[in-house]
Amino acid sequence: MLSLTLFLDPIFPDIQIIRPKLLVIELGLFCLLFAWLIRTIQQGKIEIRKTNLNFPIIIYILYISIAYLLSENKSVAFNEFKRMLICSSIYFLSCNILGKDCEKNKTLRNTILVSLIAGSSIALLYGFLQHFGDIHLAKFVFSVPQMGRAASTFGNPIFFAVHLVFFLPILLGFFFYLNQNKKRSLLIFVSKLVVAAIFIIGLFTLYFTQTRAAWIGFFISILLFIILMIKSTKLKIIFISISIFLGVIFAILTHDVWLRQQAHLLIWRDTLSMWMHSPLFGTGPGTFHINFPKFASQDLLAIWPQSQRIINDAHNEYVQLLAETGIIGFGIFFWILFSFFRPGLKTFNQNRNSNEAYILAGLLCSAAGVLIQNIGSVDMRFIISAFYLFLVIGLLYSFENSAYIIPLNLKKNAKITLMILSLFIFGIIGLDKKPKIHFVSLLHYDFSANKLDIQPLPEGTGLLPLILRPYLAQKLLSREVDFFDEKLFEPIKTLDELLELQKKYPNETKIYEKLAWSYSKERNFPKAIECYEKALQINPNLPGVYNNLGNVLFYVNNRKDSIECYKKSIEIKPGQPDAHLNLGILLYLDGKLEESAKHFDFVLKKDPGNEKAIVYLKRMRE
């Protein structure tokens with residue numbers, strides 16, 4: 001399951017809001033967790049490796065979980081809460097998925113690495129071809145979109161670059177691992193040639209991303225690889241000197257990229273001001289983009305006006321971590337890094353004389369490269385990048401042999417009960433209101449239309465519905481027909497009948513509401529506004545009318561009055577989700593993200609599956 005996930009994920013595209021690539025990771029983790037739990041129940045024992053990281057990661061889970069539960073806006077904090085769950089899950093699974101059998105471990109680990117290399121190589125080659133565009137070979141044309149900065153399937157050159165920084169050291173380590181294989185076979189020879197060719201193409205592809213932080217991260221990771229793998233001090237100095245010389249030449253030749261203005265120093269300075277406002281616990285996980293506008297200086301806004309661009313990241317993972325989780329969260333994260341690198345280097349030294357030393361060096365340098373890159377970027381906020389970092393950490397610790405074993409002593413009936421309970425917890429089966437047990441069904445074949453379609457998830461709790469609902473939100477939202485695009489069946493007849501009723505009952509607000517509704521359908525907005533205002537003259541305490549009037553005013557681009565209508569509607573009836581949703585959308589469009597997020601959070605508390613609120617919160621972050 002892990003191998004399949006690592007092979008497929010780099011190939012799948014990453015599209016904003018929809019996020020197929022992230023969905024592959026989440027479903028892969030779902031299957032892994034479920035399989036691990038069922039296997040644990042069946043074996044009747046819990047087996048977890050003893051590592052230096054277990055305790056700090058558990059503390060990290062607890063800290064972020066408490067921060068999420070105490071957050072004033074859980075909808076905004078949820079993305080960071082999910083990132084923490086995904087990172088900790090892949091660490092524990094990749095660390096514990098291999099058993100104690102050393103030879104079997106080596107085979108399984110190599111299977112995982114080969115799958116990772118195969119999937120990432122396909123993404124790498126696709127990114128390389130993007131620099132050139134369509135490829136013509138004889139009569140065949142490989143259609144590839146030409147891009148100024150290669151992004152492959154990652155949707156963004158920076159996110160693709162961090163994946164290359166993660167991947168290339170592992171590829172280099174695997175090449176030397178193969179090179180140490182004493183078997184002289186055609187398969188080994190071809191494998192080495194293929195790996196070497198992919199690595200060289202990867203260097204060009206990394207250059208094509210035009211990402212400075214990634215270049216620095218990769219350069220440092222290669223220096224570390226040289227330090228780890230070359231035993232002779234003299235050779236180390238020679239290779240490091242050559243690397244630095246080539247690095248300087250490269251920097252001179254690419255000076256235009258290095259001089260590109262992105263105002264990073266100003267953003268870091270203002271983020272530190274934001275941290276000083278809440279130094280101990282920070283502003284809360286995932287809240288940077290809604291809190292930062294209050295601290296953005298005039299110098300920064302002159303370069304990036306808030307009305308034109310949302311500064312939703314600090315462009316430095318560690319500064320942003322400090323601002324969001326305070327000195328406590330910052331300290332816990334560095335505790336994790338210290339607990340990883342120090343024992344990791346010890347494990348490497350213990351295996352220095354084995355073939356697997358190259359694999360260990362590749363894993364260590366991969367993690368170091370990603371962490372260095374994040375000094376000038378926030379790629380780990382991209383959940384996929386953080387996933388791969390913690391995967392590397394877990395795979396390195398899978399070399400440990402000692403484990404905690406907790407016997408469960410479960411009888412057959414207890415095992416069956418726990419397995420059924422697991423099906424409910426994971427959301428594979430659930431209860432309808434009647435109640436009636438159902439299996440989660442997402443796909444529905446429409447025989448009349450002769451097509452397979454996606455259906456809304458049944459209501460209820462469970463991990464699977466929680467994973468899938470955000471991804472289906474955009475799909476379901478795209479089905480909705482805009483209110484103003486729906487036409488009346490007989491508009492003239494309907495309006496004539498309502499106008500007759502208006503003459504007969506001139507002070508009946510319901511008639512004016514119906515008239516305004518009908519005029520809106522026919523896009524006669526001046527008359528619709530007139531009728532809504534008349535209804536409010538008769539009765540100024542109609543929340544629905546204020547909400548509908550706000551919709552029409554927004555449609556005619558009168559945002560100021562539209563916002564006032566939504567606020568008035570909420571003032572009269574605070575608990576209605578529609579007005580909160582509409583007000584949240586307008587505040588989002590005006591760049592008032594903190595206020596907007598509060599209204600979306602209110603909507604999701606009332607209606608957790610509200611597609612518009614889910615999608616707009618995603619847009620706000622992305």
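All of the numbers you see were taken from the coordinates with simple rules; none came from a lab. What you see is a predicted model; the values in this text were computed from it and never measured. A quick note on method: Cβ atoms are made from the backbone with ideal geometry, for glycine too, and the neighbour counts reach across all protein chains shown.
Structure values in brief
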quantity	calculated
Loop-resident sites, the stretch 370-418, for trypsin sites (Lys or Arg not before Pro), counting at most 12 other Cβ within 10 Å (DSSP)	Lys411
The stretch 1-71-the stretch 493-536 distance, computed between alpha-carbon centres (Å)	55 Å
Mean Cβ neighbour count within 10 Å, used as a protection proxy, ranking 416-423, 53-60, 140-147 highest first	53-60, 416-423, 140-147
When the convex hull of its Cα atoms is projected in every direction, mean area for the stretch 52-118 (nm²)	5.9 nm²
The stretch 70-127: GluC sites (Glu not before Pro) falling in loop per DSSP and having at most 10 other Cβ within 10 Å	none
Estimated Rh, the stretch 484-621: Kirkwood, alpha-carbon pairs, angstrom	15.8 Å
Glu400-Ser297 FRET efficiency (beta carbon distance; Förster radius 60 Å; 0.05 resolution)	0.80
Euclidean distance between Cα centres, the stretch 260-328 to the stretch 358-414, Å	29 Å
Packing-based order for 337-347, 383-393, using average beta carbon neighbours within 10 Å, highest first	383-393, 337-347
In nm, spacing of pseudo-spin labels at Leu337 and Phe142 (7 Å Cα→C-beta vector)	3.8 nm
Principal axis dimensions, the stretch 81-186 - Cα atoms, whole angstrom, descending	51, 49, 21
D_trans [Stokes-Einstein, Kirkwood Rh over alpha-carbon pairs] for the stretch 337-398, 10 °C, 1.306 mPa s, µm² s⁻¹	132 µm²/s
Label point distance in nm, Ser65-Ser273, each placed 7 Å from Cα along Cα→Cβ	3.8 nm
Simple spin-label estimate for Ile46 and Asn179 in nanometres, 7 Å along Cα-Cβ	4.4 nm
Total charge dipole magnitude, the chain, about the Cα centre, Cβ charges on Lys, Arg, Asp, Glu only, Debye to nearest 20	2240 debye
Viscosity 1.002 mPa s, temperature 20 °C, Stokes-Einstein D of the stretch 264-365 from Kirkwood C-alpha radius, µm²/s	137 µm²/s
Long pairs among Lys534/Lys567; Lys573/Lys618; Lys82/Lys412; Lys50/Lys231, criterion Cα-Cα beyond 24 Å	Lys573/Lys618; Lys82/Lys412; Lys50/Lys231
Equivalent ellipsoid dimensions for the chain as semi-axes, Å, which come from the Cα gyration tensor, largest first	50, 30, 25
Protection proxy ranking, peptides 151-161, 526-536, average beta carbon neighbours within 10 Å, highest first	151-161, 526-536
